[in-house]
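Written out below as structure tokens is the structure these notes cover.
The values are calculated or read from the model by the stated rules, or taken from the named source; none is laboratory data. Values in this document were obtained by computation on a predicted structure and should not be read as measured data. We place every Cβ from the backbone using ideal geometry, glycine too, and count neighbours over all the protein chains shown.
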């Protein structure tokens with residue numbers, strides 16, 4: 001699908017997220033005033049494990065000409081006790097954007113920073129202290145900054161953004177928009193139940209970040225899905241091309257991969273006042289973990305076992321109250337972030353002989369987890385994620401299988417380049 005088509009489809013996503021309207025106005029103004037100059041949008045994604053700059057450069061017809069990317073670690077939440085450090089990390093990204101743009105262009109380039117679950121996991125005062133200093137740095141950067149430019153995305157926003165992005169880029173969104181006749185005026189707050197259409201080809205999106213995880217899809221049979229769910233907390237209406245599309249979406253705070261590491265370790269239930277003992281690591285293996293509040297945790301392996309680690313992961317999944325979703329098994333599923341990253345790092349497609357590029361089964365995660373949990377201490381590689389392989393893969397399998405109820409043969413499409421930053425970017429140009 002061409003970038004031009006993406007921008008055309010982005011126009012369909014007319015008013016789903018009102019806070020981005022000022023970006024549209026800014027870009028439109030920029031286009032009129034600077035016909036012969038470059039057009040940019042700067043999006044800073046404040047993820048749980050890192051902060052990422054996406055600087056998009058446009059041609060005059062709004063096709064994306066280039067994207068400049070830089071990431072700094074840790075994420076903003078890693079500076080819970082040092083908010084000035086968070087501001088300095090964002091300044092590092094701003095310096096890159098400043099080098100790539102000229103002063104005459106800069107005041108017409110809209111910039112936003114949206115943080116995610118890492119900050120949502122912090123106490124309100126710590127989160128706000130970080131945002132206050134970060135907001136000040138961005139306002140002094142010389143870019144075009146609105147009052148709503150810096151903030152925290154809700155879990156619902158994260159889920160909806162991922163769903164819109166993947167369905168836009170797969171050209172699937174029109175299959176549900178064209179069939180839906182419910183207008184905002186007629187819906188009266190969406191009190192009636194709409195039934196899905198068999199020709200709905202939209203895909204489900206699963207996003208696994210560091211602090212939270214999201215599941216979002218358009219149900220085939222809304223009555224069946226809503227019967228087992230709290231409609232207020234699990235459904236969200238999106239206004240697309242004047243039609244209200246009701247999505248099943250939920251974000252599990254604490255269900256991200258990094259947050260789950262501590263959660264699952266504590267669910268093992270063995271603590272001697274200094275160390276947590278875990279069956280997700282080889283016997284006697286020691287490592288130190290740091291949570292989002294900056295606390296350090298010492299962990300010692302206690303006879304690595306997939307079965308033992310799986311039991312602890314399942315207990316954590318139940319503690320998060322992850323809902324089984326029967327309708328999800330009927331949808332094509334695209335998974336992002338750590339779903340992709342762990343599978344890619346372990347070359348699961350090659351390892352398990354899957355001949356479909358970019359596709360993996362739920363059972364492949366289980367097989368990889370069983371292999372990782374059988375490794376000895378001397379077989380753990382030097383990369384920072386290697387000691388966590390058993391726990392990470394077991395948690396991913398537990399989330400998909402025990403939590404969402406997906407069978408081992410269910411296919412998962414793995415993607416990593418359809419993230420929130422691109423969606424926010426599309427929202428910026430949706431009215432042009």
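Here are the numbers for the structure shown:
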{"read-out": "Residue within segment 124-136 that is farther than 29 Å from residue 320 by Cβ, in the same structural domain as residue 57 (by TED's automatic domain parsing) and part of a loop (DSSP other than H, G, I, E, B) present", "value": "no"}
{"read-out": "Flag if residue 374 is in the same structural domain as residue 252 (by TED's automatic domain parsing) and either without any contact (Cβ under 8 Å) to a residue 24 or more places away in the chain or under 16 Å from residue 280 (Cα atoms) (or both)", "value": "yes"}
{"read-out": "Residue in segment 298-307 that is touching a helix residue (DSSP H, G or I) at 6+ places or on another chain (Cβ under 9 Å), modelled with pLDDT under 85, assigned to a loop (DSSP other than H, G, I, E, B) and closer than 30 Å to residue 175 by Cβ present", "value": "no"}
{"read-out": "Subset of segment 137-154 [farther than 20 Å from residue 211 by Cβ and either in a loop (DSSP other than H, G, I, E, B) or without any contact (Cβ under 8 Å) to a residue 24 or more places away in the chain (or both)]", "value": "139, 140, 141, 142, 143, 145, 146, 147, 148, 149"}
{"read-out": "Residue check, residue 346 free of Cβ contacts under 8 Å to residues at least 60 places away in the same chain and crowded, with 18+ Cβ neighbours inside 10 Å", "value": "yes"}
{"read-out": "Among residues of segment 96-125, those that are surrounded by 20 or more Cβ atoms within 10 Å (Cβ to Cβ) and free of Cβ contacts under 8 Å to residues at least 60 places away in the same chain, counted", "value": "1"}
{"read-out": "In segment 58-90, residue modelled with the lowest pLDDT [restricted to those that are touching a strand residue (DSSP E or B) at 6+ places or on another chain (Cβ under 7 Å), closer than 21 Å to residue 120 by Cβ and buried (at least 16 other Cβ atoms within 10 Å of the Cβ)]", "value": "75"}
{"read-out": "Complete set of residues in segment 40-57 that are more than 20 Å from residue 161 (Cβ to Cβ) and at pLDDT below 85", "value": "none"}
{"read-out": "Matching residues, segment 321-336, being touching a helix residue (DSSP H, G or I) at 6+ places or on another chain (Cβ under 8 Å) and either surrounded by 17 or more Cβ atoms within 10 Å (Cβ to Cβ) or part of a strand (DSSP E or B) (or both)", "value": "322, 323, 325, 327, 334, 336"}
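Results for (1) at pLDDT 95 or above; (2) surrounded by 23 or more Cβ atoms within 10 Å (Cβ to Cβ); (3) touching a helix residue (DSSP H, G or I) at 6+ places or on another chain (Cβ under 9 Å), shown as yes or no for each residue.
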{"residue": "370", "(1), (2), (3)": "yes, no, yes"}
{"residue": "376", "(1), (2), (3)": "no, no, no"}
{"residue": "381", "(1), (2), (3)": "no, no, yes"}
{"residue": "392", "(1), (2), (3)": "yes, yes, yes"}
{"residue": "396", "(1), (2), (3)": "yes, yes, yes"}
{"residue": "399", "(1), (2), (3)": "yes, yes, yes"}
{"residue": "406", "(1), (2), (3)": "yes, yes, yes"}
{"residue": "415", "(1), (2), (3)": "no, no, yes"}
